[in-house]
Amino acid sequence: MINFTKLKKTGTLALGLSVVMPAMATTKLDDENYDVITVTAHEATKKPGTNTEISEHDIRRDGGTNFGTLMRYQPLISAPGNISGSGTGKSSWDRGGFSGYNIRGLDANRVSIDVDGMPLPIAQGRVNSVGRAGFGSYGIGRDYLDTYMYNKVDIQSGATSVSNANNALGGSVSFQTKTASYYLYPGKTSYFGFQNNYDSSDRSYHQGITMAGGDDHLNGIIVLSRRDGQQTRNHGDSINSYPENWHSNSILAGFGWQMTEEHLLNTTVDYNSKTKNSHYDTWDKNGKNIESFDHQRSKNNRFNLAIKDIWQPTNISWIDTLTTQLNYQRTNVFDDTKLQHKSKGNFYTQTNYNTKAYNFITTLIKQIDNQKISTGLNGKWSEDESPFFTSAKSQYGVIFPDGDYSKPQADSKSYQLGGFFEDRISFNTNNSNNFYLVPGVRAIYQNTKPRNLENMSVSNVNSHQLGSQYSSNSDFKVLPSMAFMYDINPNFTAYLQYKRSAQMPNQNQLYGSYLAHSTMYVLVGNSNLKTETGDNFELGVKGQPISGITLSSSAFYNKYKNFIAFTRYRKNFVGIGNRLVYQSENRDKAYTFGAELNSEFNIGTWVESLNGLSARFAIGYNKGKSKSSYLGDKYIEMDTIAPLKSTIGLSWDDPNKFYGVSLTATFQKGKKTDATSRETYLNEGQPIKDSSDDYFRIAGHGIVDLTGYINITNNIRLSGGIYNLTDQKYWDYLSNNKLYSTSDHKYLEMFTSPGRTFQLGLNIDF
């Protein structure tokens, strides 16, 4: 049932901020200011929901050098990460890095990430060799990106819109690759850009080149990027980050061709590759003792081909624009880890995760009087495989003759078909279109099935027996949405929306490791999983309430069911006998609620002598609880919910554009994860008991960043920044919420975020 008390509180917070801040600014305006001409935003940009755009300019200004720092100033969006070999539910051969994005308390595979519409592979659950300690964590993340290659990043917070082919419960992050048309315009037929950067947080150097040329009829672009770096620094007093060295190469080539007056063709090919060598220790799950001393060489690469045709027919009345897109993507992950284990001796493992996918998206738009109709179809077909090899000898040869570790998941293939319809109907009031009704619906069908089960077979279980355990999974969902929008003024819109969301089971949940275990445990997927679903409500305002202020504020409430998690049984299992088995099931239900505000103030709009001075303020509040189906369980705070975060910034840009400087402070409240015994519950008919685990409290912190630039000439800019100016020692909550309070002091200090660091960059643009 919806908790209206909590919804009222968060709604009051969001709307209060929305009203008070513009009102404060309004009191400073004189009557003469009402004669200022206001530029009206294009009506097509008015959409319900919280949509954030990070431009290429924002990436440069805020020091977004990687997958994580890209989101450093977003209030309810972040990138949780792990360090290599740290323990806490990790196997020795798991790689460090970012697992994905967290939006409003949902993370990893519940948030869609795509490049030009093609979704990136899922994050791989960390189940092989770590048992229940690894539940909810990830061994291979989703960082296949170089931020230099993109013009902008579009973010949808909350359930994705019906027009988004990559539906997800928590939202989407869409990267748009660079195009020649972004840099060229009438009178400018060529562009050259060079970027050279140094980031002291990981001692990384970056060189990037962008070259574009052509005109409105035919143009092309080439982008090259190279990065070399080391381990990301921590702020530990007694232990430094484990040593790493890495390098990455990215290349992009694309062209745009106006084939006819009606057809515009865009084609892009991009490739990203990263290699890392690391040395580290692996600790036990409690962070008290070192278990092994390891060396890992890891590689990953992604190849993507995108072809898009934009058709604007002149003699077909029922089509204004028809956009058709085809994508092909291939990714490969390879990790080779050599271990010196204290009790198991020396051995090595090789883990892989390889995918191949095709994608098709078509969207039709038609304007009919006061209606803007959009509809479309999409399809996706993919294959994945997870080869695995280890030289480790079994400690339990009688029980597990094939070794203590096994293939992390069965190979599989999947296809998805979808379609949507949305109609934005505007109503005329006082001779202006200022009220909108936006109904929409998306239909999705997905089918996933295992393949090559013979390469997952072991001594006690053959492929036929595996086939009785791992079978195909399919589902069909209809996801309606409804939104109301009202123009408070031509540039400022209020909205109320409802969206139904769905997250279909992925191959890791369906076909997770058949004999992946820690000592005596067996962990398996479940081919009979149901789709996770959600009901999402949001109330907000967005736009320019008055000249000089840009504002986006919302309050939201989301209710979910059929969340997938592991359930413990003692039962006979194919080829294993009566054992302890952890199996993925639709175990939990959950809800989240909160509010967020993003605002920018151009102070020079009101005080002419301060032209060039601006400020920004953002704040995000989020709460969420989940409850399992276990007897006697209760709602407990979700560990993926980030604590309250706010950002305050003040910037000065010289009116002559010669230089600029910004001071930005970020504050985050402390939080301690609520422990639960759901992962140790015996599931034998007795009520679940409270957990005795005590997690390390992540203290609140405040950090200050100073950034600036100077234009040496019209074409040469020197920019940089000092981050964590006060050298604050802190931990990131979402990356470290499962550290134990009883862990060794050195172990805890490994996870601290960098202290004072700096970036310095040279940008040349012609």
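Annotations for the structure displayed:
- Strands (runs of 3 or more DSSP E) contained in segment 390-508 and holding at least 2 residues open to solvent by 20 Å² or more (accessible area, probe 1.4 Å), under 30 Å from Thr337 (Cβ atoms) and out of contact with any strand residue (DSSP E or B) (no Cβ under 9 Å at 6 or more places or on another chain): none
- Test: residue in segment 711-725 that is within 30 Å of Tyr191 (Cα to Cα) and among the aromatic types (Phe, Trp, Tyr): no
- Note on segment 339-382: residues that are surrounded by 18 or more Cβ atoms within 10 Å (Cβ to Cβ) and of a type in the set (D, E, K, R) total 2.
- Number of the exception - Thr676 against (1) part of a strand (DSSP E or B); (2) over 30 Å from Tyr659 (Cα atoms): (1)
- Selection count where residues are at pLDDT 95 or above and touching a helix residue (DSSP H, G or I) at 6+ places or on another chain (Cβ under 8 Å), scope segment 621-641: 2
- Filtered by the rule that a residue be open to solvent by less than 60 Å² (accessible area, probe 1.4 Å), within 21 Å of Thr375 (Cβ to Cβ) and of a type in the set (A, V, I, L, M, F, W, C), segment 301-325 gives Ile310, Trp311, Ile316, Ile319, Leu322.
- Criterion applied to Gly540, Gly612, Gly604 was being modelled with pLDDT of 95 or more, more than 26 Å from Lys407 (Cβ to Cβ) and touching a Pro at 6+ places or on another chain (Cβ under 9 Å), and the one residue passing it is Gly540.
- When residues of segment 298-329 are limited to those that are touching a Lys or Arg at 6+ places or on another chain (Cβ under 6 Å) and in contact (Cβ under 8 Å) with a residue 60 or more places away in the chain, the one farthest from Met118 (Cα to Cα): Ser298
- Segment 736-755: number of residues that are touching a strand residue (DSSP E or B) at 6+ places or on another chain (Cβ under 7 Å) and open to solvent by 30 Å² or more (accessible area, probe 1.4 Å): 3
- Any chance Gly702 is in a loop (DSSP other than H, G, I, E, B) and within 28 Å of the chain's Cα centre (by Cα): no
- Evaluation of Asn714 against (1) touching a residue at least 24 places away in the same chain (Cβ under 8 Å); (2) open to solvent by 60 Å² or more (accessible area, probe 1.4 Å) (one fails), failing number: (1)
- Of all residues in segment 239-286, those satisfying the criterion of being surrounded by 18 or more Cβ atoms within 10 Å (Cβ to Cβ) and outside any strand (DSSP E or B) are Ser241, Tyr242, Lys285.
- Residue selected from segment 677-699 under the condition of a type outside the set (A, V, I, L, M, F, W, C) and open to solvent by less than 40 Å² (accessible area, probe 1.4 Å), by the criterion nearest to Ser628 (Cα to Cα): Arg678
- Residue within segment 600-607 that is assigned to a helix (DSSP H, G or I), touching a residue at least 24 places away in the same chain (Cβ under 8 Å), in contact with a helix residue (DSSP H, G or I) (Cβ under 9 Å, 6 or more places away or on another chain) and aliphatic (A, V, I, L, M) present: yes
- Among the residues of segment 85-110, those identified as hydroxyl-bearing (Ser, Thr, Tyr) and at pLDDT 80 or above are Ser99, Tyr101.
- Which numbered condition Thr429 fails, given (1) free of Cβ contacts under 8 Å to residues at least 12 places away in the same chain; (2) touching a helix residue (DSSP H, G or I) at 6+ places or on another chain (Cβ under 8 Å): (2)
- Number of the condition not met by Val541 [criteria: (1) open to solvent by less than 10 Å² (accessible area, probe 1.4 Å); (2) of a type in the set (Val, Ile, Thr); (3) touching a helix residue (DSSP H, G or I) at 6+ places or on another chain (Cβ under 8 Å)]: (1)
- Scanning segment 326-338 for residues that are polar (S, T, N, Q) and either under 21 Å from the mean Cα position of the chain (by Cα) or open to solvent by 20 Å² or more (accessible area, probe 1.4 Å) (or both) gives Asn327, Gln329, Thr331, Asn332.
- The residue that is least open to solvent (accessible area, probe 1.4 Å), counting only those in segment 640-669 that are out of contact with any Ser or Thr (no Cβ under 9 Å at 6 or more places or on another chain) and touching a residue at least 60 places away in the same chain (Cβ under 8 Å), is Pro643.
- Apart from one condition, Ile722 fits all of (1) open to solvent by less than 20 Å² (accessible area, probe 1.4 Å); (2) aliphatic (A, V, I, L, M); (3) within 15 Å of Arg72 (Cβ to Cβ); the exception is (1).
The values are calculated or read from the model by the stated rules, or taken from the named source; none is laboratory data. Bear in mind that the values here come from a model prediction, so they are computed numbers and not experimental data. Methodologically, a virtual Cβ is constructed for each residue, glycine included, from the backbone with ideal geometry; neighbour enumeration extends over all protein chains shown. Remember, those area values only see protein heavy atoms, side chains included, never the ligands or the DNA or RNA. Shrake-Rupley method; radii C 1.70, N 1.55, O 1.52, S 1.80 Å.
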